[in-house]
Amino acid sequence: MKEHLLVILPHPDDEALGVAGLISLKRKQQVPVTYACATLGEMGRSMGKPVMANRETLRDIRKKELLEVAKILDITDLRMLGYRDKTLEFEDDEKLANHFLEIIEEVQPTHIVTFYPGFAVHPDHDACGAAVIRAVKRIEKEKRPIVYCIAFSNDRFEHIGYPDVLIDIREVADLKLKAIKAHQSQTFWMVENIEQNERLKQLLNQEVFWTYKWDD
């Protein structure tokens, strides 16, 4: 089966922070990448520094940033799904899972990246990941794509152990940093003092994921 990476995340900038390195490595190998971004992050708290947005304009600004990141990372198939920011947890569970399943069945990915439900802090993160898991679980077990999950809650190691997928992304760190910077309305605080930001340095060295383990 031809390799295809499908990324399903809720907000613009989730991809830059969590999976831009993997995306860049796959694109260097000519692996097609589909990114389904559920919302445009219009309820984000940050308006940039100096202020570049307001509550009315933030949606369009973040959409523009996302399109720029798709160019930077050479994402071959960007899909903006049109859900409202900070409402995924209130979407009908079956409707959301069905929508994701339709994308999965169309794209036929070998790998999916999403958030680990229950261990991704933000309600949108958890709801998105949970819907992806529900969708994939409907596929016959032997035909399911591999699901890589992003987790960063404080209790993640206690409950789900340590990540089993560790990817050295230093050769594409420049692209990841460009992607992070492109989401300038939200990430300015990370790159203001880049030399002192240990978290950012770590993000540019390695990306880690948990392979989802099925219980059926």
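The values are calculated or read from the model by the stated rules, or taken from the named source; none is laboratory data. Since the model is a prediction, treat every value here as computed from it, not as a measurement. Using ideal geometry, Cβ is built from the backbone for each residue, glycine included, and neighbour counts are taken over all protein chains shown. Accessible surface areas use protein heavy atoms only, side chains included; no ligands, DNA or RNA. Shrake-Rupley method; radii C 1.70, N 1.55, O 1.52, S 1.80 Å.
Of all the listed residues (Val191, Val147, Val136, Val165), the sole one being aliphatic (A, V, I, L, M) and modelled with pLDDT under 95 is Val191. Return a yes/no flag: does segment 106-129 have any residue that is under 20 Å from Arg84 (Cα atoms), open to solvent by less than 30 Å² (accessible area, probe 1.4 Å), without any contact (Cβ under 8 Å) to a residue 24 or more places away in the chain and in a helix (DSSP H, G or I). Yes: one or more hits. Look at (1) without any contact (Cβ under 8 Å) to a residue 24 or more places away in the chain; (2) under 15 Å from the mean Cα position of the chain (by Cα) and you find that Ile194 fails only one, number (2).
Among the residues of segment 145-170, write down those that are touching a strand residue (DSSP E or B) at 6+ places or on another chain (Cβ under 7 Å) and in a loop (DSSP other than H, G, I, E, B). The answer is Pro145, Ala151, Pro163, Asp164, Ile169. Within segment 149-168, the set of residues being closer than 14 Å to Asp126 by Cα and touching a helix residue (DSSP H, G or I) at 6+ places or on another chain (Cβ under 8 Å) comprises Cys149, Ile150, Ala151. Checking each residue of segment 88-102 against the condition of being closer than 26 Å to Lys181 by Cβ, surrounded by 14 or more Cβ atoms within 10 Å (Cβ to Cβ), modelled with pLDDT of 95 or more and in contact with a Lys or Arg (Cβ under 8 Å, 6 or more places away or on another chain) gives no match. If the condition is being over 15 Å from His111 (Cα atoms), among the hydrophobic types (A, V, I, L, M, F, W, C) and modelled with pLDDT of 95 or more, then segment 21-57 contributes Cys37, Ala38, Leu40. Picking from residues in segment 145-159 that are charged (D, E, K, R) and touching a residue at least 24 places away in the same chain (Cβ under 8 Å), the one that is surrounded by the fewest Cβ atoms within 10 Å (Cβ to Cβ) is Asp155. One residue stands out among those in segment 1-42 that are over 17 Å from the mean Cα position of the chain (by Cα) and touching a residue at least 40 places away in the same chain (Cβ under 8 Å): the one that is least open to solvent (accessible area, probe 1.4 Å), which is Glu3. Scanning segment 130-144 for residues that are in contact with a helix residue (DSSP H, G or I) (Cβ under 7 Å, 6 or more places away or on another chain) and either without any contact (Cβ under 8 Å) to a residue 12 or more places away in the chain or part of a loop (DSSP other than H, G, I, E, B) (or both), we see that the one that is most open to solvent (accessible area, probe 1.4 Å) is Arg138. Taking residues in segment 71-83 that are outside any strand (DSSP E or B), and partners anywhere that are open to solvent by 80 Å² or more (accessible area, probe 1.4 Å), the pairs with Cβ atoms closer than 8 Å and at least 6 places apart or on different chains are Ile72/Lys178.
Considering only residues in segment 65-82 that are over 11 Å from Ser24 (Cβ atoms) and more than 15 Å from the chain's Cα centre (by Cα), the one that is surrounded by the fewest Cβ atoms within 10 Å (Cβ to Cβ) turns out to be Gly82.
Residues in segment 197-216 that are of a type in the set (A, V, I, L, M, F, W, C), part of a helix (DSSP H, G or I) and either without any contact (Cβ under 8 Å) to a residue 24 or more places away in the chain or open to solvent by 50 Å² or more (accessible area, probe 1.4 Å) (or both): Leu200 alone. Tyr162 meets the stated requirement of being hydroxyl-bearing (Ser, Thr, Tyr) and free of Cβ contacts under 8 Å to residues at least 24 places away in the same chain.
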